[in-house]
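Heads up, the thing below is written out as structure tokens.
Bear in mind that the values in this text are calculations on the coordinates, not laboratory data. None of the values given here were measured: they were computed from a predicted structure. Note that we place each Cβ from the backbone using ideal geometry, even for glycine, and neighbour counts take in every protein chain shown.
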Amino acid sequence: MTTQTLITEIIKKRYSCRTYKQTPIDKDQQMPVETFLSENKTSPFGSSLRFKLVTATEAENNDLKSLGTYGVIKNPAGFIIGAVKNGPKNLEDFGYTMEKNILFATRMGLGTCWLGGTFTKSTFADKIDAKADETIPAVTATGHIASPKSILEKTMRWGAGADNRKPWQTLFFKNKFDQPLSTEEFKEWNTPLEMVRLGPSASNRQPWRIVKQADSNIFHFYMQRSKGYQTRNRMLFGIADLQRVDMGIAMCHFEMTAVDLGIAGQWRFEEPDVGRIPELTSYAASWEVKDHE
């Protein structure tokens, strides 16, 4: 993203828009989005991904009905569909790259909404010609934002706690999980961490946890699962493991914000020794500042 708008402003501006104007996406918005989608293929774990912007039809809206109220979307002009090849960290890579698409669409003045599910056998799969070894864990509704928000949309945001975020001391730590990270420590990292905290997540569960090494600029990303959440979603709705997708979103926000601040870094995948790890928590990846050459 090479415009002057800071990524922090885009992240703060983005929200889950469920009500759109009944107008198509303008060509001067559509073409840049389509170009970005075609070029957005780089991910931390190297999964094979591809994305496509399609016009919304009644068939796509019907496919969303299986998601219950979560899939209530009114008048979307289109959908961003993504397919990722099956692999050990494919869902994290999907979350990382789809969130980049969403932030770019937001920058272009469009509304967006993550819709997590399993769309491998759906009209969405047909539109992107999904292969047997590919998964479609989510799609993104997009279009021109309708104003003001509908009563239904306001109710859904309130019910999901969409405007609430967990406090710092429950998300970010120093060296070990029993040492919460204060906003007064390492202040230069407050902005990237805050952009992680503001990230969207399925049912606003916010599964990301980050442990910073006190003696170096290395940040270890962990996923803390919500007990029973994935089992329920898989059994009742056949929904993909969305908390893994959420981890990719967190990684995207952190990296893009750091780069915007002029801090170059790289992803590493060697699990550190941080002492006792909380229940239902697992290592995802580490981000390290690159040495100046």
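Given R0 = 41 Å, the distance between the Cβ atoms of residue 187 and residue 31 translates into a calculated FRET efficiency of 0.50. Label positions at residue 120 and residue 175, each projected 7 Å from the Cα along the C-beta direction, are separated by 4.5 nm. P(r) for the range 7-153, from all Cα pairs and a bin width of 5 Å, is 2, 10, 20, 23, 22, 14, 6, 2, 0 %, short bins first. Only lysines eight or more places from residue 21 in sequence, or on another chain, were considered; those with a Cα closer than 27 Å are 12, 13, 52, 65, 74, 100, 127, 149, 154. Extension gain, residue 261 to residue 58: 0.36 nm times the residue separation minus the Cα-Cα distance gives 68.8 nm. Residue separation of residue 288 and residue 5 scaled by 0.36 nm, minus their Cα-Cα distance, works out to 99.4 nm of gained length. For residue 99, the shell of other residues with beta-carbons less than 12 Å away shows a net charge of -2, using +1 for Lys and Arg and -1 for Asp and Glu. As a rough footprinting exposure proxy, the listed residues 288, 184, 9, 99 were ranked by other beta carbons within 10 Å of their own, and the order from fewest upward is 184, 9, 288, 99. The stretch between residue 227 and residue 133, if pulled fully straight at 0.36 nm per residue, gains 30.9 nm over its current Cα-Cα span. Projected label points at residue 48 and residue 214, each 7 Å from Cα along the beta carbon direction, are separated by 4.7 nanometres. Per-residue 3J(HN,Hα) values for the range 13-22, derived from phi via the Karplus relation 6.51 cos²θ - 1.76 cosθ + 1.60 with θ = phi - 60°, read 6, 5, 8, 7, 8, 10, 10, 10, 6, 7 Hz in sequence order (x marks Gly and Pro). Based on the reciprocal of the average 1/r between different C-alpha atoms, the Kirkwood radius for the chain equals 19.5 Å. Over the range 168-289, with a single point scatterer placed on each C-alpha, what log10 of the ratio I(q)/I(0) does the Debye formula yield at q = 0.12, 0.17 1/Å? Log10 I(q)/I(0), no solvent term: -0.42, -0.83.
Would you list 34, 188 from fewest to most Cβ contacts within 10 Å?
On the way: 34 15, 188 9.
The fewest-first ordering by Cβ neighbours comes to 188, 34.
Kindly flag which residue pairs out of 176/290; 89/227; 41/187; 41/290 have an alpha-carbon separation exceeding 29 Å in this structure. Those over the limit are 41/187.
Listed from fewest to most Cβ neighbours within 10 Å, the set 17, 252 follows the order 17, 252. Relative to the longest principal axis of the Cα atoms of the chain, the long axis of helix 242-260 lies at roughly 70 degrees.
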